[in-house]
Amino acid sequence: MGERSIGIGLLGCGIVGSGAARHLLREAETVARAVGKPVEIRRVAVRNLAKKRDVDLDQSLYTHDVSEVVAAGDVDLVVECIGGIEPARSAILQAIAAGKPVVTANKELLSTLGAEILRAADDKGVDVYFEAAVAGGIPLMRPLKESLAGETIKRVTGIVNGTTNFILTRMTEGGMSFSEALAEAERLGYAEEDPTADVEGFDAAAKAAIIASVAFRSRVVAGDVYREGISHVTHRDIEFAQRLGYTVKLLAIAEEIDGAVAVRVHPAMLPNAHPLASVRDSFNAVFVEGETVGDLMFYGRGAGSDPTGSAVVGDIVAAARHLVHGGRGLGCTCYFDKRVLPIDEMEAQYYLLLSVQDLPGVLAQVATTFGDHDVSIRSVWQEGYGDQAQLVMVTHRGKEANLQATVDALGSLEVVSKVVSVLRVEGEEE
Ligand SMILES: NC(=O)c1ccc[n+]([C@@H]2O[C@H](COP(=O)([O-])OP(=O)(O)OC[C@H]3O[C@@H](n4cnc5c(N)ncnc54)[C@H](OP(=O)(O)O)[C@@H]3O)[C@@H](O)[C@H]2O)c1
């Protein structure tokens with residue numbers, strides 16, 4: 001380590017990397033005070049050396065060679081903002097093997113190969129921090145991991161994808177269809193050219209896996225997470241939700257049920273009074289229910305260069321302080337090996353929209369089908385007449401497997417022409 005300052009090797013200088021670099025330059029004095037030494041960007045690895053960067057760094061710092069940046073003698077701490085699996089994984093493992101702490105924003109890597117990274121870091125006794133990987137600028141990982149280290153967390157419910165929250169807000173407040181709201185999100189730069197990862201819930205599922213691993217201290221990977229996106233949510237569902245006093249949100253829910261961990265991402269109706277119902281536009285928020293601490297809420301910008309850069313710099317300070325003063329942050333906290341509950345065994349309340357024949361006795365047949373599968377109906381009303389007749393139903397809390405069996409059975413009733421929508425209702429009955 002240099003005598004006078006801590007040297008940063010920055011891998012990637014795109015949205016997150018440039019945000020972190022600008023923030024480090026702007027807050028150099030504060031960071032130096034917090035760390036006990038100045039912190040300096042020494043090398044930057046990028047793919048395209050000719051690209052104009054949104055940060056004022058000397059051109060001589062840039063290189064193509066990720067591995068050379070990690071290995072450089074004047075680089076003490078590696079900040080990985082490339083994303084994806086490779087070369088990020090190899091670079092992080094190389095840094096750890098060299099005893100260099102790592103700060104990363106990489107949810108894809110952590111939600112799939114987090115165990116490999118954190119095990120290597122524990123073996124070597126180096127820090128790996130990843131605040132920016134989940135909910136961007138919102139402090140969540142270190143509060144969950146460190147501030148709540150002695151807390152039993154019961155459930156974490158999050159709005160962790162800004163693109164889908166923006167789309168659902170426009171559908172709710174602007175009366176738009178899903179595709180109109182997606183087009184607006186694209187026009188405003190909130191949606192990527194290929195929006196699949198956001199609208200189909202893959203991005204939220206990766207974050208949910210990391211949240212669950214940290215909150216319940218047991219490894220959950222992205223493939224364990226039940227996932228549904230929002231592309232099937234219609235404006236009509238949102239209209240009925242509003243009439244029922246609910247707001248539709250894409251939720252990431254992680255909870256511990258009888259010693260097992262249940263993690264799911266899907267659109268859900270939330271009571272308007274729930275704190276997450278008022279989280280609008282591209283904002284993120286995470287609602288944590290702890291056994292002793294009670295309810296906590298974290299709110300802010302879940303993406304973007306400045307918010308995410310701020311989270312990265314916070315992690316740099318934590319890791320750099322350990323280089324200067326000794327010690328190490330909490331390593332891997334997945335101490336337990338809890339079962340991951342399959343979706344069939346989870347429970348929820350459900351909203352259903354059925355197209356039905358407008359005939360006497362239809363409601364009785366439908367109600368019997370629910371009863372036969374042990375799903376109890378809380379409310380039902382008929383919308384429209386004749387060809388347009390629809391039943392809007394909300395159930396009491398029941399098992400997912402029973403609800404699925406009910407939906408299958410409803411589909412084969414002659415009086416039900418279509419099960420139009422099924423959405424879960426959260427935050428009401430325990
Ligand atoms: N965007 C957000 O708001 C946000 C929020 C939270 C977390 N994250 C996470 O942060 C990470 C980075 O995301 P981002 O949005 O900043 O991505 P980005 O804008 O695409 O930036 C990626 C950077 O990595 C560089 N790069 C890519 N492949 C490389 C290679 N093989 N060798 C060297 N450099 C390479 C790129 O170089 P060029 O510039 O030359 O192409 C670019 O500078 C991802 O893990 C993402 O999930 C992003």
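The values are calculated or read from the model by the stated rules, or taken from the named source; none is laboratory data. Fair warning: this is a prediction, and the values are worked out from it, not measured in the lab. Cβ: placed from backbone, ideal geometry, glycine included. Neighbour counts: every protein chain shown. Side chains included, ligands, DNA and RNA excluded: accessible areas come from the protein's heavy atoms. Shrake-Rupley method; radii C 1.70, N 1.55, O 1.52, S 1.80 Å.
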Exactly one of (1) away from the ligand (no atom under 13 Å from the Cβ); (2) aliphatic (A, V, I, L, M); (3) under 29 Å from the mean Cα position of the chain (by Cα) is unmet by Ala72. Its number?
(3)
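Among the candidates Arg33, Arg42, which residue alone is without any contact (Cβ under 8 Å) to a residue 40 or more places away in the chain, touching a strand residue (DSSP E or B) at 6+ places or on another chain (Cβ under 7 Å), of a type outside the set (S, T, N, Q) and open to solvent by 30 Å² or more (accessible area, probe 1.4 Å)? Working first, answer last.
Values: Arg33 fails: touching a strand residue (DSSP E or B) at 6+ places or on another chain (Cβ under 7 Å).
After applying the criteria, what remains is Arg42.
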Would you confirm, using the coordinates I've provided, whether Ile210 is touching a strand residue (DSSP E or B) at 6+ places or on another chain (Cβ under 9 Å), in a helix (DSSP H, G or I) and hydrophobic (A, V, I, L, M, F, W, C)?
no
Some residue of the stretch 193-204 being part of a helix (DSSP H, G or I), closer than 30 Å to Glu383 by Cβ and at pLDDT 95 or above
yes
Just a yes or no: is a residue in the stretch 217-227 surrounded by 20 or more Cβ atoms within 10 Å (Cβ to Cβ) and closer than 16 Å to Met171 by Cα?
no
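Of all residues in the stretch 1-49, which are part of a strand (DSSP E or B) and either within 16 Å of Leu323 (Cα to Cα) or within 8 Å of the ligand (Cβ to nearest atom) (or both)? Can you show your working first?
Our first condition is that a residue be part of a strand (DSSP E or B); within the stretch 1-49, this holds for 6-11, 39-45.
Scanning the stretch 1-49 gives Ile6, Gly7, Ile8, Gly9, Leu11, Val39, Glu40, Ile41, Ala45.
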Which condition does Lys249 not pass, out of (1) at pLDDT below 95; (2) open to solvent by less than 10 Å² (accessible area, probe 1.4 Å); (3) charged (D, E, K, R), if it passes all the others?
(1)
Go through (1) in contact with a Pro (Cβ under 9 Å, 6 or more places away or on another chain); (2) closer than 21 Å to Val16 by Cβ; (3) buried (at least 17 other Cβ atoms within 10 Å of the Cβ) and name the single condition Val55 misses.
(1)
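When the stretch 76-89 is examined, which residues are found to be of a type in the set (Asp, Glu), over 11 Å from Val128 (Cβ atoms) and within 10 Å of the ligand (Cβ to nearest atom)? Walk me through it before giving the result.
Here is the first cut: in the stretch 76-89, the ones of a type in the set (Asp, Glu) are 76, 80, 86.
The next check asks that each one be over 11 Å from Val128 (Cβ atoms); those that pass are 76, 86.
Scanning the stretch 76-89 gives a single hit, Glu86.
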Filter the stretch 90-119 for residues that are touching a residue at least 60 places away in the same chain (Cβ under 8 Å), open to solvent by 10 Å² or more (accessible area, probe 1.4 Å) and within 13 Å of the ligand (Cβ to nearest atom); the one that is nearest to the chain's Cα centre (by Cα) is Lys107
